[in-house]
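The values are calculated or read from the model by the stated rules, or taken from the named source; none is laboratory data. Every value quoted in this text rests on a predicted model; they were computed, and no experiment measured them. Positions of Cβ are generated from backbone atoms using ideal geometry, with glycine treated the same way; all protein chains shown enter the neighbour counts.
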Amino acid sequence: MRLLVIISLALSTLGSVSLSPCLTGLSRTSIYTFDETGHATRTLPNNRTYLVHIPKDYSRTLPINLPHPVVLSYHGNGGTSAKQETLSQWSEENVKLNGLGVIGVYPQASLGLSRNGGAPTWSWQGAAYASPDAHDLEFTGTILDELKANLCIDSRRVYATGKSNGGGFTNLVACTEATASRLAAVAIVSGAMYPGTLPDSECSPGRPLPVYISHGVVDQTIPYLGRPYDSSGDTIYRTPNIDDFAAAWADRNGLAGTDYCQKAVHGTAQERVWGSSGAKGQVRRIRVDGLGHSWPTTLGLDSSGAPNNTANFNLTTAHLVSFFNAHVLPL
């Protein structure tokens, strides 16, 4: 009886989801080999890799699954997919979207170029220090294709997040219609919005796209107020004022002017909102006092902003879950 109920629920909620990965169960051959913790690392023919985590409520034994939401989370410059999984908290079992556990996807960047004489680091497209052969937009498209073909995903609940260089790349993903058209909403944390990530008028998502922006006030790596150039005087690393960047997204989404509210949250932050909860393309920006270049967590999981790397709230559970829950990809 329980299996019949699950099947009935699955069929009623599949919508645009491809049927075969949801209904064929164990008889289906998958490109992913998950370990006992629900993790699998996928290596593409070009040696690019990404980490996938399936939640406990994604069944590997029953012949059917409910379509699960997906969150892609891109690490920062020099980071790793495993580190991004830890600091972003999308694989935590208490994190659910639409009542289901999240399929967390953590792509690994390619090795970039030397910056100011330093060693090359793992870097995303859009930064001047990224490899010209990265092709990360195509990489993202391939990941989405493979997920849809091999796992029971809810194609209307696919989201992208990123930190620092990964946050800037998330903006590039959002500003490129081919990838933005597959996403319900995005979140940018401590984003390095260099010119190559299209933070200005060149951004063309193709529709009003919901965006959540989080940034620490004392971020010394990507200053909240922006910068015209970096410490070497190079304008290829200029970044926008975060308030201006958020307002530009609101304008792009048709929510400019006075259509916003601002409120204090957690006692240490200010959240500004453009558009009502039901508005297409709602934009939210949270400014976190006392926080450096870090993803906000109470445990200080993101050490890159140390010593100012701890917040009195967890961004993912306190804000991003509700934001993503409010937005699905339009039919």
Note on region 165-207: residues of a type in the set (S, T, N, Q) and either more than 17 Å from Trp90 (Cβ to Cβ) or out of contact with any Phe, Trp or Tyr (no Cβ under 9 Å at 6 or more places or on another chain) (or both) are Asn165, Asn171, Thr176, Thr179, Ser181, Thr197, Ser201, Ser204
Test Leu299 against the criterion of being farther than 30 Å from Gly206 by Cβ and in contact with a helix residue (DSSP H, G or I) (Cβ under 8 Å, 6 or more places away or on another chain), and give yes or no. no
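Which of the following residues is at pLDDT 95 or above and over 22 Å from Gly79 (Cβ atoms): Gly166, Gly206, Gly162, Gly191?
When all the criteria are applied, what remains is Gly206.
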Give me the pairs, please: first residue somewhere in region 106-135 and without any contact (Cβ under 8 Å) to a residue 12 or more places away in the chain, second residue anywhere and charged (D, E, K, R) and surrounded by 24 or more Cβ atoms within 10 Å (Cβ to Cβ), beta-carbon distance under 6 Å, and either six or more positions apart or on two chains. none
Would a scan of region 297-318 turn up a residue that is part of a strand (DSSP E or B) and either crowded, with 18+ Cβ neighbours inside 10 Å or hydrophobic (A, V, I, L, M, F, W, C) (or both)? no
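Got a sec? Which of Pro223, Pro228 is free of Cβ contacts under 8 Å to residues at least 40 places away in the same chain, closer than 21 Å to Ala311 by Cα and not aliphatic (A, V, I, L, M)?
From the options Pro223, Pro228, the qualifying one is Pro223.
Just to be sure, is Thr86 in contact with a Ser or Thr (Cβ under 6 Å, 6 or more places away or on another chain) and either in a helix (DSSP H, G or I) or free of Cβ contacts under 8 Å to residues at least 24 places away in the same chain (or both)?
Numbers: in contact with a Ser or Thr (Cβ under 6 Å, 6 or more places away or on another chain): no; either in a helix (DSSP H, G or I) or free of Cβ contacts under 8 Å to residues at least 24 places away in the same chain (or both): yes.
No.
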Taking region 269-296 and keeping residues assigned to a loop (DSSP other than H, G, I, E, B) and aliphatic (A, V, I, L, M) leaves Ala279, Leu291
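Any residue at all in region 234-256 that's part of a loop (DSSP other than H, G, I, E, B), at positive phi, surrounded by fewer than 24 Cβ atoms within 10 Å (Cβ to Cβ) and without any contact (Cβ under 8 Å) to a residue 12 or more places away in the chain?
Quick first cut of region 234-256, residues part of a loop (DSSP other than H, G, I, E, B) only: 234, 238, 240-241, 253-256.
From the residues that got through so far, the ones that are at positive phi too are 254.
Cutting the leftovers down to surrounded by fewer than 24 Cβ atoms within 10 Å (Cβ to Cβ) gives us 254.
Narrowing the set further to residues that are without any contact (Cβ under 8 Å) to a residue 12 or more places away in the chain leaves none.
Within region 234-256, none of the residues are part of a loop (DSSP other than H, G, I, E, B), at positive phi, surrounded by fewer than 24 Cβ atoms within 10 Å (Cβ to Cβ) and without any contact (Cβ under 8 Å) to a residue 12 or more places away in the chain.
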So Ser155, is it on the phi < 0 side of the Ramachandran plot, among the small types (Gly, Ala, Ser) and at pLDDT 95 or above: yes
Matching residues, region 276-302, being touching an Asp or Glu at 6+ places or on another chain (Cβ under 6 Å) and either of a type in the set (Val, Ile, Thr) or at pLDDT below 95 (or both): Ile286
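Tell me, please, whether a residue that is hydroxyl-bearing (Ser, Thr, Tyr), surrounded by fewer than 24 Cβ atoms within 10 Å (Cβ to Cβ) and more than 16 Å from the chain's Cα centre (by Cα) can be found in region 193-207. First the steps, then the outcome.
Taking region 193-207 as the starting set, the residues that turn out to be hydroxyl-bearing (Ser, Thr, Tyr) are 194, 197, 201, 204.
Applying the additional criterion that residues be surrounded by fewer than 24 Cβ atoms within 10 Å (Cβ to Cβ) yields 201, 204.
Cutting the leftovers down to more than 16 Å from the chain's Cα centre (by Cα) gives us 201, 204.
Yes, region 193-207 contains a residue that is hydroxyl-bearing (Ser, Thr, Tyr), surrounded by fewer than 24 Cβ atoms within 10 Å (Cβ to Cβ) and more than 16 Å from the chain's Cα centre (by Cα).
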